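Following: one structure in structure tokens, then a few remarks.
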Amino acid sequence: MKVIYKKIWDDEYSSRGWKLEQAVGDPEIIAVTPYHPEKIATSVFVHDILDHSVSGFALSGHRAEAGALFQLGLRTGTDIDPDIEEMIELDILNGRVYGEPLDSFLPDELNYFEEIADPQNRMKNIRKKFGDEYVKMMLKAHYYAIGRGGHRDAQASWESAGLDYRRRREIGETLQGLFEKMDAYVSFMEEAEAQITVGNDFCSAEFPDRNVITVPVFLKNY
């Protein structure tokens, strides 16, 4: 898969970093660097490649993110609750659903006030009817239901790509190491692109100047 680097992206964030080629032009996706939280060994870049793209989920949209976050939790052992709760608090409770209408995203337990066309007003009425705590609980359960529902398809998507789903932790950590080397390689460039190969035994990045960075996958006993 092709990835693109720019020192300054010409979007609303004007940030430095990398994007998958298919993410260019998507206003929801910001460029990323190798940074990762202390409690998780891999970055958003790895999440986008393995938990979204390789697992067969779109790169943006709340339903796609629900499926990809479920895969992230299984792959890394990280607690995905804070990410789900943030999306619910900032977006869904305010009637914002990316990738589909609010009407099709809501779980059956909250599918009320269909006559209200404006999603923000509809969510206000739903919250008033049930109370925020119940609404949040149902939405959180809905995110997990979506994630579990997409699990078999994600496994099948890995297999169709010739990848061993059982090695996803090691492949993720290898891809993180590769990403760090890639980012160091372009540190003095204004922009660059590379073709990434994800495999069971190695991950590599080939640049147009024919420079190839390869990092082997080492299996671990957990």
What is the one condition in (1) part of a helix (DSSP H, G or I); (2) exposed (fewer than 12 other Cβ atoms within 10 Å of the Cβ) that A117 does not satisfy?
(1)
Evaluation of H52 against (1) at pLDDT below 95; (2) assigned to a helix (DSSP H, G or I) (one fails), failing number:
(1)
Looking at A23, is it surrounded by fewer than 22 Cβ atoms within 10 Å (Cβ to Cβ), in contact with a helix residue (DSSP H, G or I) (Cβ under 6 Å, 6 or more places away or on another chain) and closer than 26 Å to S204 by Cβ?
no
Within the stretch 81-90, considering residues that are under 13 Å from H62 (Cβ atoms) and exposed (fewer than 13 other Cβ atoms within 10 Å of the Cβ), the one nearest to the chain's Cα centre (by Cα)
E86
Matching option when the condition is within 29 Å of D79 (Cα to Cα) and among the basic types (K, R), among R127, R122:
R127
Given the criterion of a type in the set (A, V, I, L, M), in a helix (DSSP H, G or I) and under 28 Å from K39 (Cα atoms), identify the matching residue among I84, I126.
I84
Residue among L59, L72, L93 that alone is in contact with a helix residue (DSSP H, G or I) (Cβ under 7 Å, 6 or more places away or on another chain), in contact (Cβ under 8 Å) with a residue 12 or more places away in the chain, under 30 Å from N125 (Cα atoms) and surrounded by 17 or more Cβ atoms within 10 Å (Cβ to Cβ)
L93
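Go through the stretch 190-218 and count every residue that is aliphatic (A, V, I, L, M) and either touching a Gly at 6+ places or on another chain (Cβ under 7 Å) or over 22 Å from Q22 (Cβ atoms) (or both).
From the stretch 190-218, those aliphatic (A, V, I, L, M) are 192, 194, 196, 198, 205, 212-213, 215, 217; that's our starting set.
With the extra rule that they be either touching a Gly at 6+ places or on another chain (Cβ under 7 Å) or over 22 Å from Q22 (Cβ atoms) (or both), the set shrinks to 212, 215, 217.
Summing the residues that are aliphatic (A, V, I, L, M) and either touching a Gly at 6+ places or on another chain (Cβ under 7 Å) or over 22 Å from Q22 (Cβ atoms) (or both) in the stretch 190-218 gives 3.
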The stretch 171-222, subset touching a Lys or Arg at 6+ places or on another chain (Cβ under 8 Å) and β-branched (V, I, T), residue farthest from E159 (Cα to Cα)
I213
Could you tell me whether the stretch 123-133 includes any residue that is in contact with a helix residue (DSSP H, G or I) (Cβ under 7 Å, 6 or more places away or on another chain), of a type outside the set (G, A, S) and under 24 Å from S60 (Cα atoms)?
yes
Pull up the stretch 96-106, narrow it to residues that are loosely packed, with under 14 Cβ neighbours inside 10 Å and either at positive phi or part of a loop (DSSP other than H, G, I, E, B) (or both), then point me to the one that is nearest to the chain's Cα centre (by Cα).
E100
Take the stretch 59-76 and flag every residue that is closer than 19 Å to L106 by Cβ, part of a loop (DSSP other than H, G, I, E, B) and among the aliphatic types (A, V, I, L, M).
none
For L106, which of the numbered conditions (1) modelled with pLDDT of 95 or more; (2) closer than 23 Å to E170 by Cα; (3) not hydroxyl-bearing (S, T, Y) fails to hold?
(2)
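The values are calculated or read from the model by the stated rules, or taken from the named source; none is laboratory data. Worth saying up front: this structure is predicted, and the values here are computed from it rather than measured. Every residue, glycine as well, gets a Cβ built from its backbone with ideal geometry; the counts of neighbours run over all protein chains shown.
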